[in-house]
1. Here are A:Asp161, A:Asp128: which of them is among the charged types (D, E, K, R) and surrounded by fewer than 14 Cβ atoms within 10 Å (Cβ to Cβ)?
2. If you go through the range A:177-184 one residue at a time, do you hit one that is modelled with pLDDT of 90 or more and in contact with a strand residue (DSSP E or B) (Cβ under 8 Å, 6 or more places away or on another chain)?
3. Restrict the check to the range A:120-133 and report whether at least one residue is aliphatic (A, V, I, L, M), assigned to a helix (DSSP H, G or I) and either within 22 Å of B:Leu13 (Cα to Cα) or not assigned by TED's automatic domain parsing to the domain that holds A:Leu84 (or both).
4. List, please: which pairs have Cβ atoms under 9 Å, are six or more places apart or on different chains, and start with a residue in the range A:5-28 that is over 17 Å from B:Met71 (Cβ atoms) and end with one that is at pLDDT below 90 and β-branched (Val, Ile, Thr)?
5. In the range B:19-29, is there at least one residue being at the interface with chain A (Cβ under 9 Å from one of its Cβ atoms), in a helix (DSSP H, G or I) and in contact with a helix residue (DSSP H, G or I) (Cβ under 7 Å, 6 or more places away or on another chain)?
6. Any residue at all in the range B:62-74 that is closer than 16 Å to A:Phe157 by Cα, charged (D, E, K, R) and out of contact with any helix residue (DSSP H, G or I) (no Cβ under 6 Å at 6 or more places or on another chain)?
7. Suppose we filter B:Leu26, B:Leu58, B:Leu30, B:Leu9 for residues that are closer than 21 Å to A:Phe153 by Cβ and among the aliphatic types (A, V, I, L, M); which single one remains?
8. Using beta carbons and a limit of 8 Å, which pairs, at least six apart or on different chains, have the first residue in the range A:78-102 and surrounded by fewer than 19 Cβ atoms within 10 Å (Cβ to Cβ) and the second one of a type in the set (A, V, I, L, M)?
Amino acid sequence: MATIQSIAAENEPHPDVALVERVRAGDVSAYDTLVRKYERQIFRIAQHITQNREDAEDVMQDAFLKAYEKLEQFQGNSKFYTWLVRIAVNESLMRLRKRRTGKMVLIDEEIETEEGSVPRDLADWAPDPEQNYNQAELAEILRKTIQGLPPGFRIVFVLRDVEGLSTEETAETLGLSIPAVKSRLLRARLQLRERLSRYFHRKKGRPAASPKKTRTEK
Amino acid sequence: MTCKEFLALLDDLIDDSVSPEMRAELQTHLGKCGHCQVVFNTTRKTIEIYRSHEIYDLPAGLRDRLHAAIMARCKKGC
């Protein structure tokens, strides 16, 4: 049974609620605060889905503008952040469909792959494997590795593990069932683990990390 | 517990959404199975590494352009 304390905690308003109220009352600077708070996450999500920098920039801009315009429709029964993520995911998918005319990107399609469902690489990693690479090399490895995942796995992993949405929020955002999110998340994690193992093995020489290809995108 | 059964609950263990009894069973398996221990540790590390490294930097000037676009809308609408 819910205790008085737990009810009070549930009813505690999220700090974004006050900001949203200020924006609704005409205070644009409050919206700037929301933008600063979430711009990185929204850009990352857009980049992970579209895999294209220009598209991701457009998506971020469009998502924040759309959210601003639709703020009256925001009910407050979900968090502002998850509402914003949903807009950004939809904008990203729309952008992707425009770019790949005829080739639909279906987040909810069944993905037939056995890869990663049974771990094959069982050698342990070095204690701090990322120390063996400089920042640009590491970012390149992480980008290349995650880009190789099927889109439906990649998006679930990004929302759930990188951006911190719950399983329920991820399911709602992507229009997937909770079991589908769970099964994709497990396979995404295992596939990434398997692929990263190539770089992070203990006592192995560094694979050629092609430093000339790495770009410092600062 | 078999490795297959362990793997089916790997995410729940990582996400800390198992009962204390199940956690104890999973830990017992981990204590006996080196392979599952590697899979568990490296999967956790995989998540941590993606969480802690920014792999797509926010382009310079994007925030300013967005701010300008919002201000333009605002002048029209608010």
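The values are calculated or read from the model by the stated rules, or taken from the named source; none is laboratory data. Bear in mind the structure is a predicted one, so any value in this text is a computation, not a measurement. In this analysis, Cβ positions are derived from the backbone assuming ideal geometry, glycine residues included, and neighbour counts consider all displayed protein chains.
1. Values: A:Asp161 fails: surrounded by fewer than 14 Cβ atoms within 10 Å (Cβ to Cβ).
A:Asp128 is the lone residue from the list that is among the charged types (D, E, K, R) and surrounded by fewer than 14 Cβ atoms within 10 Å (Cβ to Cβ).
2. Step one: list which residues in the range A:177-184 are modelled with pLDDT of 90 or more, which gives A:177-184.
Cutting the leftovers down to in contact with a strand residue (DSSP E or B) (Cβ under 8 Å, 6 or more places away or on another chain) gives us none.
Within the range A:177-184 (the criterion being modelled with pLDDT of 90 or more and in contact with a strand residue (DSSP E or B) (Cβ under 8 Å, 6 or more places away or on another chain)), the answer is no, since none of the residues qualifies.
3. Here is the first cut: in the range A:120-133, the residues aliphatic (A, V, I, L, M) are A:122-123, A:126.
Narrowing the set further to residues that are assigned to a helix (DSSP H, G or I) leaves none.
No, the range A:120-133 contains no residue that is aliphatic (A, V, I, L, M), assigned to a helix (DSSP H, G or I) and either within 22 Å of B:Leu13 (Cα to Cα) or not assigned by TED's automatic domain parsing to the domain that holds A:Leu84 (or both).
4. Sorted first by the residue in the range A:5-28, then by its partner, the list stays empty.
5. If we filter the range B:19-29 for residues that are at the interface with chain A (Cβ under 9 Å from one of its Cβ atoms), which is where we start, we get none.
No, because not a single residue in the range B:19-29 is at the interface with chain A (Cβ under 9 Å from one of its Cβ atoms), in a helix (DSSP H, G or I) and in contact with a helix residue (DSSP H, G or I) (Cβ under 7 Å, 6 or more places away or on another chain).
6. Restricting attention to the range B:62-74, the residues satisfying the condition of being closer than 16 Å to A:Phe157 by Cα are none.
No: zero hits.
7. On the way: B:Leu26 fails: closer than 21 Å to A:Phe153 by Cβ; B:Leu58 fails: closer than 21 Å to A:Phe153 by Cβ; B:Leu30 fails: closer than 21 Å to A:Phe153 by Cβ.
From the options B:Leu26, B:Leu58, B:Leu30, B:Leu9, the qualifying one is B:Leu9.
8. A:Thr82/A:Leu165; A:Arg97/A:Met104; A:Arg97/A:Val105
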